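Laboratory data are not the source of any read-out in this text; all were calculated from the coordinates shown. Just so we're clear, the structure is a prediction, and the values are computed from it rather than from any experiment. All Cβ positions, even for glycine, are placed from backbone atoms using ideal geometry, and neighbour counts span all protein chains on display.
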2 protein chains.
Amino acid sequence: MDNRQAIQQSIREQGDKIRKLKAEKAAKTEVDEEVAKLLDLKAQLGDEPTPKTVLKTPKGTRDYSPKQMAIREGVFKVIVDCFKRHGAETIDTPVFELKETLTGKYGEDSKLIYDLQDQGGELLSLRYDLTVPFARYVAMNKIAKIKRYHIAKVYRRDNPAMTRGRYREFYQCDFDIAGQYDPMIPDAECIKIVYEILDNLKLGNFVIKVNHRLILDGLFEVCGVPKDKFRTVCSSVDKLDKTFWEDVRGEMIDDKGLDPISADKIGEYVQLNGNDCEGGHRVLAITLVRFDMSLARGLDYYTGVIYEAVLEGAELVKSNSKSKEQIGVGSVAGGGRYDGLVGMFAAKGKKVPCVGVSIGIERLFSIMEAKMERGNQEVRTVETEVLVASAQPNMLEERLRLCKELWDAGIKAEISYKANPKMLDQYQYAEKAVIPFLAVIGEQELKDGVVTLRDTKTREETPVPRADLVSTIKQKCCSNSI
Amino acid sequence: MDNRQAIQQSIREQGDKIRKLKAEKAAKTEVDEEVAKLLDLKAQLGDEPTPKTVLKTPKGTRDYSPKQMAIREGVFKVIVDCFKRHGAETIDTPVFELKETLTGKYGEDSKLIYDLQDQGGELLSLRYDLTVPFARYVAMNKIAKIKRYHIAKVYRRDNPAMTRGRYREFYQCDFDIAGQYDPMIPDAECIKIVYEILDNLKLGNFVIKVNHRLILDGLFEVCGVPKDKFRTVCSSVDKLDKTFWEDVRGEMIDDKGLDPISADKIGEYVQLNGNDCEGGHRVLAITLVRFDMSLARGLDYYTGVIYEAVLEGAELVKSNSKSKEQIGVGSVAGGGRYDGLVGMFAAKGKKVPCVGVSIGIERLFSIMEAKMERGNQEVRTVETEVLVASAQPNMLEERLRLCKELWDAGIKAEISYKANPKMLDQYQYAEKAVIPFLAVIGEQELKDGVVTLRDTKTREETPVPRADLVSTIKQKCCSNSI
């Protein structure tokens, strides 16, 4: 009985935890995870029916509801429009690659790669970003120049923090320019793209931090870092936006064996910079670009300019902070130049210089969703223009026939799936789904060769000759700009 | 040396194989796979430089080039427009699910599920279709009714046949209606949707085969099949579109232990039907629906009406055929009613009836690509409207400035990434990428406050006041309907 009492105690505690989360309006995914734990506990008692399957998505992943999808598609549209405005074409690559394709490209982050089980075939891993597959594509197809965008999911077995938009499965929106060109022209366009997208999304103030890998390397050399530790020290410096200098210093000295004198010298540089030396990118007249020596970017493959865009104002607490210091939501876009990556794949090591940028869309979604929630904004999840309706019995065939006419004319139309639906139910459905018009038919309408067109908002009803119905709806919906 | 000679012999044979494939204009992916094998063999000799990585995508997967993407997006547009026309909203689910979510849903096909490596977390599998995740979503969110579409990649560790559009990673475009409605109304809409999409894609004649799981079950009972063998016999019958009756009969008797008398009775039924009993779906006036008793659908979860659309005319050879019998390209869409699936997930087994359809897009792509190739059709992969150009040196900043004006006005514009590009190169680039206009600036244009607008096709040049450039381009591009 002791064990049973312990479980009952755990159930009570877990119940409290869930109620607290709900009171705090925690993310649904988080609540669901805790509910699953509660159900597990209850199942251990054995006197509750066990659910057949734990109903959850894998850790660090989430479903998108129709409403979230509507928001997501809106954000994607802004991004794709921008990429197309800059003349990019698009490609797609598989979700998994040969494991060896990804090996040796990500430095310390390689441990976060998801591997597939060896089921008697090739050794495969889920893609970690879209940049390495892009470099593989360029090398494999012997492409000398390409400007492409790619929007797709990538996978990282990282510690998820879903309320802050950090997932294990998430979208990247990448724009890259490959080819031998004159210095800094494609680089400037990438920064301009980040600017345009964040400006168009209207999520508040942001700043684009810029640095250069060669400057960082020079800094490390001056500070007395041995050459073979450049990359690993770089990946420590990269953590400065999430943790405090003391921790980064500790990691460099304790874990990576750096001389404390070198570490302190690095500290002087990276802490002095960042806030005061504002400058504009002259040619493209972007005033929000800031040179920042603490910007490092974790990945191994960067060789030149690197950049990162940070939204200001959104609240985020540094992971090991005791006092609740408020800092930015973190990076929402980043990228840089990687001139060596394609050469790692090319049979003769032929290099193709590349520069690119990746938009971190999940954080933008999180902010956008919160904004919609706050503003109590209605998001329409369907585009239906007309509900074909009838109040009389035995009109199913006639409703279907009218609906078919509308579909065939390219009009977005729905009907109730009931054989004899009530008129009130149909009105309510149209109002709830914000369908602008109802096309109502009955015995009288059929006899007169008309359809009663009802405006859902004004409730005004007009008889329209059946032959004119399509053109009337097209005209009305067009003027309503649906 | 014997071993060395054996390898050299293999290299010669492999070389012949590749040359033969190239002569036959085999798919690039197939050739690449064989080239990779050749390089492996050469590496074994040790006197050739080994490429650093085998440059290929995993077996059964492929990259999409910009041209293929343009075709793919065209096909998606037709499909999404149709789904939206029928009032569907969209959702998204993760690429992988808990392994237990997929367990016990696919019958004999379960062996084709891709598992992820157990890396100290949950046991995960790549989704096998979009239907089971949809059922999990409906149960998890306690949804009583929803009409949704979902376009995403699914994964099957099947034997790929890429020239016939059979991949291990491929897209499904699903439309499903969940909810308690009057009989056959949502079912009819699904068939109508298949009809509309195939009709709009204009890929030639097609037929939609329809059957019902309960009729099949009745048939099996009449033929003396024991109840516990219904599903496994069903999955044998499903192979009839790919292999011959004799093989299906053999599988039923030898592998599944069916009484030969029962098998022969089944054979009478499924072979008698299929071609003669044409009928139209009365209400939606689709004349291409055909009742077909040999249609079985492999998956376990169907409970009612099932259907499959087959394109006619496209050549395909049955897998074990000795004489080259010509049959259809195979199923390009399929689906049916599955009233029990959501209940498998719901804690109290609460059922939500569902009916849906899935469009098999890869085969449609293959046919579309072949059609484009044959017709020698140009596919535009970028949407750029204007190339900002100059022949004079030191005009980079001015070009960037003008480009920025166009971008900020929403016009799709590009510039050369060279500091001092040649005019001829810029003309040729515009012609090759089918960019309709060039906006040319030089000292004189700057002094006069104009831009020379050049029509790429007619080569006509007009000076346009700088202030009117945006409106002039918008008007011209609109009238060209770009």
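Some observations on this one:
- 7 Å along Cα→Cβ, label-point gaps from residue A:5 to other copies, nm, shortest first: 8.5
- In nanometres and ascending order, the distances from the residue B:470 label point to those of the other copies are 3.9 (point 7 Å from Cα along Cα→Cβ).
- Mean separation of Cα pairs under 8 Å and 6 or more residues apart, divided by the residue count, gives chain B a relative contact order of 13 percent.
- The residues packed around residue B:461, meaning those with a beta-carbon under 10 Å from its beta-carbon, carry a net charge of 0 if Lys and Arg are +1 and Asp and Glu are -1.
- Residues whose amide H falls under 5 Å from that of residue A:90, counting only those 5 or more places apart or on a different chain, are A:149, with hydrogens built in the peptide plane.
- Across A:202/A:242; A:142/A:256; B:28/B:147; A:56/B:28; B:77/B:476; B:42/B:371, pairs whose alpha-carbon gap is larger than 32 Å: A:142/A:256; B:28/B:147; A:56/B:28; B:42/B:371
- With θ taken as phi - 60° and the Karplus curve 6.51 cos²θ - 1.76 cosθ + 1.60 applied, the whole-hertz 3J(HN,Hα) list for region B:156-163 is 9, 7, 9, 6, x, 9, 5, 5 Hz, x standing for glycine and proline.
- Listing B:245, A:407 from fewest to most neighbouring C-beta atoms within 10 Å gives B:245, A:407.
- Look at where the Cα atoms of region B:447-478 and of region B:105-119 average out, and the two centres are 59 Å apart.
- Distance between region B:160-221 and region B:379-418 - C-alpha centres, whole angstrom: 47
- Applying 1/(1 + (r/R0)^6) with R0 = 60 Å to the Cβ-Cβ distance of residue B:253 and residue A:418 gives a FRET efficiency near 0.80.
- B:381, B:458, B:131 arranged by Cβ crowding within 10 Å, fewest neighbours leading: B:458, B:381, B:131
- Within-12-Å neighbourhood charge of residue A:233 [Cβ basis; K, R +1; D, E -1]: -1
- Computed over chain A, Cα set: Rg, Dmax in Å: 28.5, 94
- Ordering of A:301-311, B:58-68 by burial proxy (mean other Cβ atoms within 10 Å per residue, highest first): A:301-311, B:58-68
- Ascending list, in nanometres, of distances separating the residue A:224 label from those of the other copies (7 Å, Cα toward Cβ): 9.3
- Sorting A:96, A:244 from the fewest to the most surrounding beta carbons within 10 angstrom yields A:244, A:96.
- Counted charge near residue A:123, where neighbours are those whose Cβ lies closer than 12 Å (Asp, Glu -1; Lys, Arg +1): -3
- Ellipticity estimate at 222 nm from DSSP helix runs (n ≥ 4, -39,500 (n - 2.57)) divided over chain B, nearest 500: -12000 deg cm²/dmol
- The overall shape of region B:334-411, judged from the alpha-carbon gyration tensor, is oblate: a/c is not under 1.5, and a/b is no greater than b/c.
- Cα centre as origin, Lys/Arg/Asp/Glu Cβ charges: chain A dipole, Debye: 360
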